[in-house]
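In what follows, a single structure is set out as structure tokens and then discussed.
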Amino acid sequence: MPVPIPRQRAIPAAESGQAQGAFSPGGPSGEATGGPAGAVPAPQAATTPVDSTTNLTLLVIEDDPAGSLSVPEMLDAAGKPIRIRTARNLTEAERLLTDDVHCILLDLALPAPGRAATQSDDELTTLKHVLRLAPRHAVLALTASGDAERGAEAVRVGAQDYLFRDELDGRLLSRAIRYAVERKRSDKAERRLTESRLRAQENARLERGLLPTPLLEGSSLRFAARYRPGRSRALLGGDFYDTVRTPDGTVHAMIGDVCGHGPDEAALGVELRIAWRALTFAGLCGDELLSTLQQVLEHERENDEIFATLCSVDIAPDGRRAGLCLAGHPSPLISRPGRPAELLPYENGGPALGLLPGARWPRRQVELGGEWSLMLYTDGLIEGHIGEGKERLGQDGMVDLVRRRLAEGLAGEELLRATVNEVRDLNGGELTDDVAVLLLDRTP
């Protein structure tokens, strides 16, 4: 059954400095403008933005049997008439509150829904109802002259401003409407900014929690790591690493790189790291471990084009030798006393994870010696440019850079910090790719 539409009452114009004229009914919609009668715009999907081409629309909610309330003719900042709709109760107001309404003028004397004004134990019940009904609209509270305390309480509850009933004139009301609309817009922007900051802080806490904590209790090896995501304002990228010591005394280290450096790649990197740790503690190693990781990658990735490179080493309990597996990843760098730093030789590595079904990753035994430093890294460290040209640092350039830093006596965290900073400086600014570097040291 269709709902009957109330008739619009003519609203007499109060004397003011504005041009005067009675409001004409706007038809069944209950809308009027200062001048010729206007039709109600069709409801829109979102609140109409206020700009130089948009007429402001005011919804007046009041029940004044004596007809003493006089809303003057008003013009906006561009000199256009402010359109007015009126509602005698909240039921009418809810129907007239379309998305093209910018501001509501609410008479605080209006009874709350379902009760008489004298029965209300909360004078602002009606205002609270309107604020719930129209959370995106600016609201002006209309109160009796001299009742500033009630008006101030209305602002504390959520109205943008208050006006005295007997002091309405076109200039004051039009200015109050524009102020209320802009203040509401400012409040929305501030709230969105606050919510954005809270989300960023929560994301930062989450990302910090996803960074690995090495499990090396009982090992004599020293650990250091450096991590720099390529994404702006991010803490976590597509690179991942981990180091654990299993009950037999073997130290396992891994570093990997998911292609791309967005949030999806970061999430996949975390999944692979956690899977690697679980599989390592379960006793898997070498080809068996990487084959299982490939299954995890194939199951979790969004499309078949996503792959990940990976380097894993398992260092024997005596620390003098290690097993090395490479899945499309650059070989680690080792430095030993009396010998220049060099890449560990490895010619027969397997493909990156996720490229070839049924691939194999041979494990090669390498001799480390009694004292050494082993550096695992991702390609973000070697793919930065040298100066303004297209030439990249490459593995040879990285080896030379590390040799110079070692000659200066740097080690551990200082060595990694100086290396990453110099790579960035050579690039002429921040690196666009994720960078992860892991360093294990053994000293007698």
So the strands (runs of 3 or more DSSP E) completely within segment 213-291 holding 2 or more residues that are crowded, with 18+ Cβ neighbours inside 10 Å and aliphatic (A, V, I, L, M) are 222-228, 251-258
If we keep only residues of segment 80-118 that are more than 10 Å from Leu59 (Cβ to Cβ) and part of a strand (DSSP E or B), then the residue modelled with the highest pLDDT is Asp107
Give the residue that is surrounded by the fewest Cβ atoms within 10 Å (Cβ to Cβ), with candidates limited to residues of segment 292-315 that are assigned to a helix (DSSP H, G or I) and aliphatic (A, V, I, L, M). Val296
Residues that are part of a loop (DSSP other than H, G, I, E, B), surrounded by fewer than 21 Cβ atoms within 10 Å (Cβ to Cβ), of a type in the set (D, E, K, R) and without any contact (Cβ under 8 Å) to a residue 24 or more places away in the chain: does segment 349-368 have at least one? no
Selection within segment 369-394 - assigned to a loop (DSSP other than H, G, I, E, B) and of a type in the set (A, V, I, L, M, F, W, C): Ile382, Ile386, Leu393
Options Leu431, Leu401: the member that is modelled with pLDDT under 95 and of a type in the set (A, V, I, L, M, F, W, C): Leu431
Scanning segment 283-339 for residues that are among the hydrophobic types (A, V, I, L, M, F, W, C) and within 33 Å of the chain's Cα centre (by Cα), the one farthest from Arg360 (Cα to Cα) turns out to be Ile306
Candidate set: segment 416-437, residues that are in a helix (DSSP H, G or I) and among the acidic types (Asp, Glu); chosen: the one nearest to Asp400 (Cα to Cα): Glu422
Segment 119-159, subset outside any helix (DSSP H, G or I) and more than 26 Å from Asp100 (Cα to Cα), residue modelled with the lowest pLDDT: Ser120
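The values are calculated or read from the model by the stated rules, or taken from the named source; none is laboratory data. Quick caveat: nothing in here was measured; it's all calculated off a predicted structure. We place every Cβ from the backbone using ideal geometry, glycine too, and count neighbours over all the protein chains shown.
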